[in-house]
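Worksheet: the structure to be examined is printed underneath.
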Amino acid sequence: MGLYKYRAIPAGEKEKTVLIEADSRREADDKLRASNITPIEFLGESSDEKKSIFSLKRSRIDTYDFTRQLAPLLDAYIPLERALGIIAEGAAEPEQRDFVNSLRRGLHEGKTFSFLVRSHGTLFPSYYANLIESGEETGCLPEAVRQLYKFMGESRELKDFIVSSSIYPLAILAVTLLVSILLFTVFVPRFAKIFTDMGKGMPPSMEFLLAVSSFASYAWWLIPCLLFIVWQILKKSMGKEMLSLKISQGVLKIPVFGRIVSDLEMCRYIRTLAILIGNHVEIIKTVRIAGKIIRNPVIANTFAHVDRKLKGGEKLSAAFTGNIFLPPGTVPMLRVGEESGTVGEMMGGIASRLENDTRQKIKRLLSLFEPFVIIFLAVIVLIVVVSIFIAMMEINSIGQGGPKL
């Protein structure tokens, strides 16, 4: 769902800028007419999925830290406007302070907190505004913010686990690449110079190593250029969406790694469903919001028609039946949750179990990655050492044969 911006005149008011949340431009126009607002000019769309790809400046606004500070203040029955003032006063970064103050100004203008969150586009996760809105409608805003803080904390914890677990394997890979580059750009050329100074032809093994060394030293830039050209050709011939789909299909087919990718997508998807359903967000709206969390287009396509099935009268468990990416046992457990009225709690339990299983899979993958990199380095060094040894044997045979001639 995107935000559509208009210059418009509400009934009985002056001209102003209006933001409408809708799935399409036509739906936004219908909502304007239903609200007795006359549009003058369409100013563009601000979708949750649109991101500044080429922006080099990193934003210092931390929405997780903002939510972490807001949750206990609201739990202490401090009014929202005053809570924002306390957060702004304690903000260390000017950009963070200006951001919080802009929310305060919006509240003074009579705007809702959920509207202000939506107006900041991609700064907040796609589910954030909807959960805030549900808290405003039910009078349980502190509970909604507490759930958001918990959800964002769990997501950050999983992300930090992946990053921290990858540091050592990546360090090993970096050392491996550095040693390989030094072997082929420094050591091999210097040893090959011995044959050149002697005026002797190099053995085939050294010729091969010298060719690899020359390529690594002078023609390495051909590899990224070639990859870029191939990418552009494929993108033009297949289309960007089809190419992305093919790449996603290939990623999912990689043993072990593909399963981890799909499990990570399902962790985010099921956790989002759990928190939205638990806070009484309308079910069709919930599955649409959760569907935007999925980044892999192959997986996203399998959930694209869930909302239509729900509109047709099916239950969520029936709409999920047959989906190969859901963890085993999800549909039966969800069916039990529907019968007992504990769908949110059931989905939360499924998400927690899947997150723990995914952590174990990541540990196993990284434990396999480390010896693989070490073996790769050993093979590279072995090839170089054996080639040099063969060359040295030929040098010795030349030296021994010289006096006899």
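Looking at the structure I just gave you, is I233 under 30 Å from I362 (Cβ atoms) and among the β-branched types (V, I, T)? Give the steps one after another, and end with the answer.
Values: under 30 Å from I362 (Cβ atoms): no; among the β-branched types (V, I, T): yes.
So I233 fails the test.
For the range 78-129, which helices (runs of 4 or more DSSP H) that fit wholly inside it have 2 or more residues that are under 30 Å from I294 (Cα atoms) and not assigned by TED's automatic domain parsing to the domain that holds K16? Step through it out loud before you land on a result.
On the way: elements: 80-90, 94-108, 113-119.
Of the helices (runs of 4 or more DSSP H) lying wholly inside the range 78-129, those with at least 2 residues that are under 30 Å from I294 (Cα atoms) and not assigned by TED's automatic domain parsing to the domain that holds K16 span 94-108, 113-119.
All but one of (1) under 23 Å from G344 (Cα atoms); (2) out of contact with any helix residue (DSSP H, G or I) (no Cβ under 6 Å at 6 or more places or on another chain); (3) not aliphatic (A, V, I, L, M) hold for N130; which doesn't?
(2)
Within the bounds of the range 252-259, is there any residue that is closer than 30 Å to S367 by Cα, part of a helix (DSSP H, G or I) and charged (D, E, K, R)? Give the derivation first.
If we filter the range 252-259 for residues that are closer than 30 Å to S367 by Cα, which is where we start, we get 252-259.
Next, from what is left, pick out any that are part of a helix (DSSP H, G or I): 252-253, 257-259.
Okay, now just the ones that are also charged (D, E, K, R), so 253, 259.
Yes, the range 252-259 has at least one match.
In the range 245-290, which residues are among the small types (G, A, S) and farther than 21 Å from A144 by Cβ?
Kept after step one, since they are among the small types (G, A, S), are these residues of the range 245-290: 248, 250, 258, 262, 274, 278, 290.
Within the range 245-290, S248, G250, G258, S262 meet the criteria.
When you scan the range 228-246, do you find a residue that is among the hydrophobic types (A, V, I, L, M, F, W, C), within 20 Å of I324 (Cα to Cα) and either modelled with pLDDT under 85 or surrounded by 14 or more Cβ atoms within 10 Å (Cβ to Cβ) (or both), even just one?
Within the range 228-246, the subset among the hydrophobic types (A, V, I, L, M, F, W, C) is 228-231, 233-234, 238, 242-243, 245.
Next, only the ones that are within 20 Å of I324 (Cα to Cα) stay: 245.
Then drop every residue that is not either modelled with pLDDT under 85 or surrounded by 14 or more Cβ atoms within 10 Å (Cβ to Cβ) (or both), which leaves 245.
Checking the range 228-246: at least one residue is among the hydrophobic types (A, V, I, L, M, F, W, C), within 20 Å of I324 (Cα to Cα) and either modelled with pLDDT under 85 or surrounded by 14 or more Cβ atoms within 10 Å (Cβ to Cβ) (or both).
Surrounded by fewer than 13 Cβ atoms within 10 Å (Cβ to Cβ) and at pLDDT 80 or above: does that describe I172?
Values: surrounded by fewer than 13 Cβ atoms within 10 Å (Cβ to Cβ): no; at pLDDT 80 or above: yes.
Considered against the rule, which asks whether it is surrounded by fewer than 13 Cβ atoms within 10 Å (Cβ to Cβ) and at pLDDT 80 or above, I172 comes out as no.
What single numbered condition from (1) under 19 Å from R295 (Cβ atoms); (2) among the basic types (K, R); (3) assigned by TED's automatic domain parsing to the domain that holds F389 fails to hold for K159?
(3)
The values are calculated or read from the model by the stated rules, or taken from the named source; none is laboratory data. Not measured: the values here are computed from a predicted model. Positions of Cβ are backbone-derived with ideal geometry, glycine not excepted, and every protein chain shown enters the neighbour counts.
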